[in-house]
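Colleague: Have a look at this one.
Derivation of every value follows stated rules applied to the coordinates shown; laboratory data play no part. On a predicted model such as this, the values are computed, not experimentally measured, just so you know. Every residue, glycine among them, receives a Cβ derived from its backbone with ideal geometry; neighbour counts consider all protein chains shown.
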């Protein structure tokens, strides 16, 4: 039996002393239009936290001038580290790489598009100092988004929370502050395909919400198409829960009841109905269709789990780093398998 034991000591009342290092992790993909404004707002806000800080930007294979602008920021600000991926590995990989590189006593994950306002970070720091291990941003409003996306996002969050075997907060994203112990626990997890919104709650610890209003994008376009959102949602459910597999049992039970009812109706209409042959044929066709549907769905669900198991067994790294700017005296891995 194995587990993770963070090397940390907490005060009896759980409050943390002032000072320390605050890390900000920002995944970037085609954010040239906004990244300078993001850095300016961040540095202004971080000066009010009472902590030293570092900012870790992870360029996730951008095709615009994001990397060039990050190079300029790193040249001007010694507190900045820029990690350049060898290609686009995805937001989850970029956030994980940033967590692995961050050195802070507390680490904030946020996006570059300013939808999650940096001005909320001091409140997260206060919650952390008062004993929270995870201070997660919980949205009151989401400006600039369609009604369809608001409804589907709300339904998805609640579905994911209901199927998860551990408590998962709803109406949240990746905007959160993690204590060093939480970050170390998440980094130590060996999964190749990572979903941080599931991994952070899985680790446990003390979670507290910080309420805020989400803003429209300051510039640029969303990097998540409907297909990418669907893929992310599927990964989240399959990687975090066994419930989809067990749903096949529910479907089988429903099919058994439906088949029994349909068989009874078909038998009765054979004897008393005005068009016995036609009614019986329709009923039998319905039964056959239901019988074929459940095993097909079951095989598809099992296939999704098998495919993800195969990816884990392959052992390929989650990301590959082309180079790192800033803090160059420190050795940094070029890839990571977790």
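Colleague: Quick check on the exposure proxy: order 211, 202 from fewest to most C-beta atoms within 10 angstrom.
Modeller: 211, 202
Colleague: Quick one: if you stick a label point 7 Å off each Cα along the C-beta vector at residue 257 and residue 21, how many nm between them?
Modeller: That separation, rounded to one decimal, is 5.8 nm.
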